[in-house]
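Undergrad: Let me give you the structure first, and then I'll get to my questions.
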Ligand code: CDP
Ligand code: MG
C-alpha cells in the first residue's frame, strides 16, 4: 500500500463558497426533470454574467474568455449567443473541442437543456459521425473537423460565431485553426467593408449579389455557395488563467475572466516512489473506499488499455471483499468509447455505491463530471512525440506538467472540499515542467500541411502560426508529402493524388495506401486494414489469462503478418453477423460481444473499427475509387503495403533486431505482433512505440526487392 503524507497545497489559497452546491444526485427529486436542469443552469457561475458577456461579444470581434473548469462555459455560452440572436439568417454557432467525447457529451447535454432532439437545433459532428441537420444552429465539433469543413467552405460562411473551446490544450488542430480564423475573419471583414456600398444589389434574403464584371471577391462569394457573408465573431475559451498568448496573437484582443468557484482540495503525495502506477492506483482506490467519507473517485489513466485492465482488476479485488464493502461501481471515459456508452459517466452510482471513474486526460478540463470528491493522479499522460531528424512519431507516456497536475486536483473541489492523491513524491512535483509544450512542436505535420495546401495556403513557412513549429519539422513533413506523391517537386498539390489524399479524413500515409490499393485490386482488404489500424488494440491479453488469449489469437494469425491477421478477425466477425442477420440489432451486438469475449478480442475496438470501415468505404466510393478484393492473392496485398508504407520498412540485423531504413533507428518487434519470433529479412510496420525499448507494431513481411521496384524514387537512390 502506498503510504500517503499530507502536504501543503501547492496552489495556494482557494476561496470558499458554500452557496451553490449543485449535487442533487442523492436528494429527493422535488422538481420535474426540466425544472431541475433549469435550476442547475441558474446555479452555474456563468449564469450571473450572461448580459455582460453578450455585450462583450457584440463589442469585440475577438474575445477571450477564461474561466475555471465547470463554470459553464461550454454548455451555456452557445445558448446565450443563440438567445441573443446570433443565429439570425440561419447562421450557426460552431464550437470546437479538441476531443471527440467532449463534443458528443456536451452536445447531448445542451440538447437536453434546450429540450430538443439531438441533431436538430443542437448537434455535433466528429470524424466519422455527423449528427446535424439543416436546422442545427449550435454545432459542437472537433477542431480537426472544422479544419476539414474549411476545405469545402473556405470562409466558414455558415457560421456567425466560432468558439474555439479548450484553447489552452493547444492541440495542433487548435493552433492551425486559430491561424485560419484570423485569415477568414480578415477576408470577411474586408469583403463586407468593400461591398456594403454602391454597385451591389441585395437579394431578398440579404445576400450580396454578384457584380457583372467579375473581381476576385466574386470567387469568394461563389465559394460561399451564395450565403450572405457577415462579420465573423471569434471566441477563444480557455481554462488556463494565462490568456496573454492568445491576446497577443490577436493583436491585444480583449480577455474576460469568469469568477469560478472552487472548494479547498487537500493534496497528498506518496512517501515512497512508486514503480507501478496502475497497482498504486488500484491500492489507493480501495484505501479511499475503506477509509474515507462517501464521494466519487476520479482516476486519471493514459488510455483505453490501461482503463480496461484497471477496471478488470477492480472487479477481481471486489470479489475478495465482504459483501457489504463491495459497493463500488466503475465507469470509464476515453476517446474511442462508443457514443451510446459515453453518457453513463454522468449518471449517479446506485444508492449506497461509490462511483469510480476511470478516465483519460479528457476529464482534466474537457468534461466536467458531477459528484467527484477524490482524485487519483498517477502524474502521467500519453503524448505525441516527434523526432524531425528521423521522421519518427510515437505516442509516449510522459509526466504531466504542473499546470495539468493542478487542473486534475481541482476536479475534486467543485462541489465541496476534496482530496487529491498524487502517486508520486512531492519532490517530483517540483521537477515538473510548468506547462505542457504545444502539440505542434512535437508532432508530424504532414497532415496539417496537406490541409493548409488544399486550402490554398502555399507558403507554409510564412503561415501565421500562434507558435511556429520548427523549420526542421516542416521540412521533414513536406519531404514526406513529396515522397508520398501528394506534392509535386514544386511543392504544389499533385493532381489527382494530392487532392484525393486531402479529401480523405485519414493520415496521409493511410490515404495513400487506399489510393494505391485501388490500383493493386485490394482496396477491400486495405479498407479493413486501415479501419482496424485506426483503433486502439483489437486483441486483449489479460495478464492472468495470457496463454488462453494467445491460443485464441492463433486461430486468426496469418504467417504473413499482423495486417492479414486483423483482416481475418474482421472477416470472421462479418461471417458471424451474416449468420445472425435475421436477429434484431441488440441481439446481434450481444452475439458479437460474446464472440469477442471468447476470442479475447476487444469488442469496443472492433465495433469502432466497423464504424470507421463503413465511413471510409463511403468516402472512397464517392471518390470513384475501384473497390475490389485480391481474394487469396495475398501477395498482391503485401506488395501494396510495401508500396504504401515504404517509409516504414525495416531490415533484419545480424543480432535479431531490425533497422528502420528511413530513420536508421534500431527497433524490436513488439511481443504482441504475430511476427514476434519471425526470421523474415524485410518487413514494413505501422506503429513505432517507445517505452523502455523501441518497439514496432503492426508488421507484415515483404520482399526487400519490392522496395526498389515499387518505391524507386526513394530506394533506387539509396
Ligand atoms: O466548460 P466548463 O468547464 O466551464 O463547464 P461546462 O462543461 O459547461 O459544465 C457546466 C455544468 O454542466 C457542470 O456542472 C457539468 O457537470 C454539467 N454537465 C453535465 O451535467 N453533463 C454534461 N454532459 C456536461 C456538463
Ligand atoms: Mg468546457
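Undergrad: Over what distance in Å are the Cα centres of segment 373-446 and segment 545-604 separated?
TA: Here the answer is 35 Å between Cα centres.
Undergrad: Could you tell me what a quarter of the Cα convex hull surface of the chain works out to, in nm² with one decimal place?
TA: Mean orientational projected area (the chain, Cα hull): 34.0 nm².
Undergrad: Per 10 Å bin from zero, what fraction in whole % of the C-alpha pairs of segment 527-599 is there, up to the bin with the longest pair?
TA: Calculated over all Cα pairs of segment 527-599, the distribution is 18, 46, 32, 4 percent.
Undergrad: Next up: Run through all the Cα pairs of segment 265-440 and give the fraction in each 5 Å bin from 0, expressed as whole percent.
TA: Answer for segment 265-440: a P(r) of 1, 8, 17, 21, 21, 16, 9, 4, 2, 1, 0, 0 percent.
Undergrad: For segment 504-710, what mean projected area does the convex hull of the alpha carbons give, in nm²?
TA: In nm², the orientation-averaged hull projection of segment 504-710 is 12.4.
Undergrad: If eta is 0.890 mPa s and T is 25 °C, what Stokes-Einstein diffusion coefficient results for segment 314-410, Kirkwood Rh from Cα pairs, in µm²/s?
TA: D = 155 µm²/s.
Undergrad: In addition: Please state the relative contact order of segment 265-440 as a whole percent: Cα pairs under 8 Å, 6+ residues apart?
TA: 32 percent
Undergrad: Oh, and also: Going by the alpha-carbon gyration tensor, a ≥ b ≥ c the square roots of its eigenvalues, is segment 611-686 rounded (a/c under 1.5) or, if a/c is not under 1.5, prolate (a/b greater than b/c) versus oblate?
TA: Because a/c hits 1.5 or more and a/b exceeds b/c, segment 611-686 counts as prolate.
Undergrad: Hey, could you pull the Cα Rg and Dmax for segment 225-322, both in Å?
TA: Reported Rg and Dmax, both Å: 22.6, 69.
Undergrad: For the chain, what does the relative contact order come out to in percent, with C-alpha contacts under 8 Å and a separation of six or more?
TA: 12 percent
Undergrad: Continuing with this model, one more query. Order the peptides 178-186, 466-474 from the highest to the lowest mean number of other Cβ atoms within 10 Å of their residues.
TA: Details: 178-186: 18.7, 466-474: 16.8.
Most protected by this proxy first, the peptides run 178-186, 466-474.
Undergrad: Hull surface divided by four, with the convex hull built on the Cα atoms of segment 486-626: how many nm²?
TA: 10.3 nm²
Undergrad: Take the Cα atoms of segment 399-504, find their three principal axes, and give me the spread along each one in whole Å, biggest first.
TA: For segment 399-504, the Cα spread along each principal axis is 60, 28, 23 Å.
Undergrad: Let me ask something else about it. Suppose we keep just the DSSP beta bridges with both residues in the chain; what percent of those would be antiparallel, to 5?
TA: 40 percent
Undergrad: Another question about this same structure. Take the alpha carbon gyration tensor of segment 333-386, find the square roots of its eigenvalues, order them as a ≥ b ≥ c, and report rounded if a/c is under 1.5; if not, report prolate when a/b exceeds b/c, else oblate. Don't skip to the end; give the middle numbers.
TA: On the way: a/c = 2.64, a/b = 1.51, b/c = 1.75.
Oblate is the answer for segment 333-386, as a/c is 1.5 or above yet b/c matches or exceeds a/b.
A short reminder: the numbers here are calculations on the coordinates, not readings from a lab. Being a predicted model, the structure only gives us computed values, none of them experimental. Cβ sites come from the backbone with ideal geometry, for glycine too, and all protein chains shown count toward neighbours.
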